[in-house]
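Computed from the coordinates by the stated procedures, all read-outs in this text should not be read as laboratory data. Quantities reported herein were computed from a predicted structural model and do not represent experimental measurements. Every residue, glycine among them, receives a Cβ derived from its backbone with ideal geometry; neighbour counts consider all protein chains shown.
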Amino acid sequence: MTDVERAIEYLAIFINVGDKWRNFVPVDGEMIGVNRVRIGSVEVWPEGDCGDSWRLYDGEQVRRFRKAVTA
């Protein structure tokens, strides 16, 4: 599993748990400041205060991940 794949799995967890995401940072993850997490070579951080939108930076590009909207 690549760092990006692993970070995407953690993003799904972070998005689902909302404000409690800090409790789910992996043991080998590194907190950078208050809201950034480094998982391997990838950085992720919430966009805004609600935690339903996250950014992922893999060293080349920034991607955006959002909570799925269900009807």
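By the beta-carbon count within 10 Å of each Cβ, the least crowded to most crowded order of 31, 1, fewest first, is 1, 31.
Hydrodynamic analysis of the chain uses the Kirkwood radius over alpha carbon pairs. Inserted into Stokes-Einstein at 37 °C and 0.692 mPa s, it gives a translational diffusion coefficient of 271 µm²/s. The GluC sites (Glu not before Pro) of the chain that meet both conditions, a loop assignment by DSSP and at most 14 other Cβ atoms within 10 Å of the site Cβ, are 47, 60.
The slack in the chain from residue 68 to residue 2, taken as 0.36 nm per residue of separation less the alpha-carbon distance, amounts to 21.4 nm. Just 42, 17, 27 to compare: in a GNM of the chain, with alpha carbon springs under 10 Å, which one fluctuates most? Comparing 42, 17, 27 in a Gaussian network model of the chain, the most mobile one is 27.
The dipole here belongs to the chain: it is taken about the Cα centre, uses +1 on the Cβ of Lys and Arg and -1 on the Cβ of Asp and Glu, and is about 200 debye.
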